[in-house]
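Shown next, in structure tokens, is the structure this report addresses.
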Amino acid sequence: MDMVVAQAKQAEADGFTSLWYASVVTGDPLVAMAIAGRETSRIELGTAVLQTYPCHPLLQANRVASVVDAMGRAGLTLGIGPSHAPLIRDVYGLSYDHPGRSTEEYLRILTALLRGDTVDFDGDDWTTHANSRAATPAHPVPVLVAALGPRLLRVAGEVADGTVLWMAPARAIETHIAPKVHAAASAVGRPPPRIVAGLPVAVHDDETEARIAAAAHAAAYAAMENYHRILEIGHAATPADAAIVGNESSVRAQLQALLDAGATDIWAAVFPVGDDRTASRRRTTDLLSELVS
């Protein structure tokens, strides 16, 4: 936990605007975020992402309100998603038959609860009769959804505040994600949504060596069907092909390409290359810090 807090403090000191926590950080990222939020003052702390299926939206809303209370400040962003069949079905033993429908119902309940609304909702997958059982966060909590397919991209613009992506190359953002999310938001009169582009990033002179390291870093994603589809749309054969690697000039250009494609934010998941892992990470974060400043 000390390392997680130190990372948040260092990221804020380095000028980064956001820090994103995967669902497995310290067992429960919301605990780490509550502590890190008290030790920082302005950096946004976001989940990327919490799984919907194992946690009822009413419980999720109450957990989030508790974290905001513990942080004592604004700056929490909640990214959620349905995860993947091998985890939800094969590990948790839950149904994964209708992830799009389930996530849409979950978001409609959760976003209403976080606004402080009374919720009486009977859905196919989720039911909530909250009345006064939900705690309203002391500060607004934006909600992003992990959206790669058409239904959840619509929901990201129509119901959520945007999308937090993983493994979506620039081409996929430009041709598939950004148009659908913006169209959905516009259709219901909502402001332009956030599009947080998450990809592995490493500054390294030997691109081949960097992609080999990226393949090892992203091995778990290679077998997941949802990522196969978005990689194909983005003209990337594997997760390693989607990674942003190269020298400073090359990485700078690739990051700019994400913004040009429609991303509003970049979640750079820094990974090490070579024997000196600390120096490798520092080289990458030095470039990123230079770019945000």
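Residues of the range 182-212 that are in contact (Cβ under 8 Å) with a residue 12 or more places away in the chain, assigned to a helix (DSSP H, G or I) and closer than 20 Å to H235 by Cα: E207, A210, R211, I212. Only a single criterion out of (1) more than 30 Å from S289 (Cα to Cα); (2) outside any loop (DSSP other than H, G, I, E, B); (3) among the small types (G, A, S); (4) in contact with a helix residue (DSSP H, G or I) (Cβ under 9 Å, 6 or more places away or on another chain) is not satisfied by S83, namely (2).
Scoring I80 on the criteria (1) more than 17 Å from the chain's Cα centre (by Cα); (2) within 22 Å of A184 (Cβ to Cβ); (3) modelled with pLDDT of 95 or more leaves a single failure, condition (1). When T264 is tested against (1) surrounded by fewer than 17 Cβ atoms within 10 Å (Cβ to Cβ); (2) more than 18 Å from the chain's Cα centre (by Cα); (3) at negative phi, just one condition goes unmet, and that condition is (2). The conditions of being modelled with pLDDT of 95 or more, of a type in the set (G, A, S) and in a helix (DSSP H, G or I) are not met by A160. Restricting attention to the range 167-181, the residues that are part of a helix (DSSP H, G or I) and surrounded by 24 or more Cβ atoms within 10 Å (Cβ to Cβ) total 5.
Within the range 120-142, the set of residues being surrounded by fewer than 21 Cβ atoms within 10 Å (Cβ to Cβ) and either without any contact (Cβ under 8 Å) to a residue 24 or more places away in the chain or under 13 Å from Y106 (Cα atoms) (or both) comprises D120, F121, D122, G123, D124, D125, T127, H129, N131, S132.
Report yes if A8 is farther than 17 Å from V164 by Cβ, crowded, with 19+ Cβ neighbours inside 10 Å, in contact (Cβ under 8 Å) with a residue 40 or more places away in the chain and touching a Ser or Thr at 6+ places or on another chain (Cβ under 9 Å), otherwise no.
No, not satisfied.
Listed by first and then second residue, the pairs with beta-carbon distance under 6 Å, at least 6 apart or on different chains, first residue in the range 72-100 and on the phi > 0 side of the Ramachandran plot, second loosely packed, with under 14 Cβ neighbours inside 10 Å, form an empty list.
Matching residues to (1) on the phi > 0 side of the Ramachandran plot; (2) surrounded by 15 or more Cβ atoms within 10 Å (Cβ to Cβ); (3) in a helix (DSSP H, G or I):
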residue: A223; (1), (2), (3): no, no, no
residue: H228; (1), (2), (3): no, yes, yes
residue: L231; (1), (2), (3): no, yes, yes
residue: A237; (1), (2), (3): no, no, no
residue: Q256; (1), (2), (3): no, no, yes
residue: L259; (1), (2), (3): no, yes, yes
residue: A268; (1), (2), (3): no, yes, no
residue: P272; (1), (2), (3): no, yes, no
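The set of residues in the range 218-239 that are under 19 Å from the mean Cα position of the chain (by Cα), more than 18 Å from K180 (Cβ to Cβ) and of a type in the set (A, V, I, L, M) comprises A218, A219, A220, A222, M224. The set of residues in the range 6-21 being in contact with a strand residue (DSSP E or B) (Cβ under 8 Å, 6 or more places away or on another chain) and not in a helix (DSSP H, G or I) consists of T17, S18, L19, W20, Y21. The single condition from (1) touching a Lys or Arg at 6+ places or on another chain (Cβ under 9 Å); (2) farther than 28 Å from L258 by Cβ; (3) surrounded by 23 or more Cβ atoms within 10 Å (Cβ to Cβ) that A147 fails is (2). Tallying residues that are under 22 Å from G93 (Cα atoms) and at pLDDT below 95 within the range 26-53 yields 2. Has the range 40-51 got at least one residue that is part of a strand (DSSP E or B), of a type in the set (A, V, I, L, M) and within 18 Å of the chain's Cα centre (by Cα)? Within the range 40-51, one or more residues are part of a strand (DSSP E or B), of a type in the set (A, V, I, L, M) and within 18 Å of the chain's Cα centre (by Cα). Out of the range 26-37, which residues are surrounded by fewer than 17 Cβ atoms within 10 Å (Cβ to Cβ) and either within 23 Å of R194 (Cα to Cα) or touching a helix residue (DSSP H, G or I) at 6+ places or on another chain (Cβ under 6 Å) (or both)? Matches in the range 26-37: T26 only.
How about the range 81-99: which of its residues are loosely packed, with under 15 Cβ neighbours inside 10 Å and within 22 Å of P150 (Cβ to Cβ)? Answer for the range 81-99, where residues must be loosely packed, with under 15 Cβ neighbours inside 10 Å and within 22 Å of P150 (Cβ to Cβ): S95, D97, H98.
The values are calculated or read from the model by the stated rules, or taken from the named source; none is laboratory data. Predicted model, so just to flag it, every value in this text is computed and none were measured. With ideal geometry, Cβ positions are generated from the backbone for all residues, glycine too; neighbour counts draw on all protein chains shown.
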